[in-house]
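The structure appears below as structure tokens.
None of the figures in this text is laboratory data; all of them are computed from the coordinates on show. Because the structure is a prediction, the values reported are computed rather than measured. Glycine gets a Cβ as well: all are built from the backbone with ideal geometry, and neighbour counts include every protein chain shown.
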Amino acid sequence: MRVVIAEDQTLLREGLGRLFVDAGHEVVASLGDADGLLDAVAGRRPDLVVVDVRMPPTFTDEGARAAAELKREHPSLGVLVLSQHVETTYAVALVGLGGFGYLLKDRVLDVDEFLGAAERVARGGSALDPHVVAGRVDGDPVNRLTEREQEVLGLVAEGLTNAGIARRLFLSERTVETHVRHVLDKLDLPGGEDTHRRVLAVLAFLGRD
């Protein structure tokens with residue numbers, strides 16, 4: 001996996017680079033701001049970009065805006081946004097595109113889970129921080145679901161497959177498939193491929209119209 005990192009904190013940027021290299025991946029560019037990010041991606045063609053939400057010079061939303069532009073210009077590119085605090089606006093705006101992740105920075109401390117999320121995003125999957133997910137469980141229409149179904153949908157929103165959900169909840173994969181089917185039906189999602197319906201379910205979970 002070829003990775004570009006855009007993070008203004010030098011220690012974190014270097015630490016992220018070391019994590020990817022130690023896991024057998026290649027860091028093709030490492031930047032301290034978002035200014036050169038688009039050019040770096042165009043020139044080096046990475047599989048994944050890891051970008052901080054808040055970057056110089058204003059430390060507001062430079063990274064988030066760069067992430068959105070990257071997804072517009074390179075729809076198949078995996079983009080993993082890191083944030084110090086939960087800011088769901090950015091997650092809601094981008095999660096429906098696929099190949100997108102939004103994690104709090106302290107998630108990096110669980111190296112295996114972080115790398116698993118990064119690799120999933122690079123393959124076109126999704127990864128939402130559990131704290132983002134936990135803050136949305138009361139929103140309509142998700143309140144139609146049972147407690148277990150909400151739990152399953154929360155894990156779908158994190159980007160887990162049915163097999164991954166089964167392992168997390170100590171359930172059989174068939175039981176998880178049943179829960180997921182009930183979730184999709186209760187949310188009145190249109191028919192089509194299961195992958196597409198799962199994305200729609202995540203959007204409903206995040207409260208997007």
Counted charge near Arg44, where neighbours are those whose Cβ lies closer than 10 Å (Asp, Glu -1; Lys, Arg +1): 0
Rounded if a/c is under 1.5, else prolate if a/b beats b/c, else oblate: with a ≥ b ≥ c from the C-alpha gyration tensor eigenvalues square-rooted, which is the range 1-85? oblate
For a footprinting-style exposure proxy, rank His179, His25 by other Cβ within 10 Å, fewest first. His25, His179
Counting other beta carbons within 10 Å of each residue's own, what order do Ser126, Ser172 fall into, fewest first? Ser172, Ser126
From the backbone phi of the range 49-58, what are the Karplus-calculated ³J(HN,Hα) couplings (6.51 cos²θ - 1.76 cosθ + 1.60, θ = phi - 60°) in whole Hz, Gly and Pro given as x? 10, 10, 9, 6, 4, 9, 10, x, x, 9
For Thr58 and Arg168, what does the FRET efficiency come to when R0 = 35 Å and r is the distance between their Cβ atoms, rounded to the nearest 0.05? 0.35
Pairs of Cα atoms under 8 Å, at least six residues apart: use those to get the relative contact order of the range 27-84, whole percent. 35 percent
For Val51, enumerate residues with amide H under 5 Å from its amide H, sequence gap 5+ or separate chain, H modeled in the peptide plane. Ala6, Leu80, Val81, Leu82
Expected sort for Ser30, Ser76 with the fewest Cβ neighbours (10 Å cutoff) up front is Ser76, Ser30
Suppose a student asked you for the relative contact order of the range 1-136, using Cα pairs under 8 Å spaced at least 6 residues apart; what percent would you report? 20 percent
Run the quick spin-label model on His85 and Leu12: label points 7 Å from Cα toward the beta carbon, then report their separation in nm to one decimal. 1.3 nm
What's the extension gain from Glu147 to His131 if we count 0.36 nm per residue and subtract their Cα-Cα distance? 4.0 nm
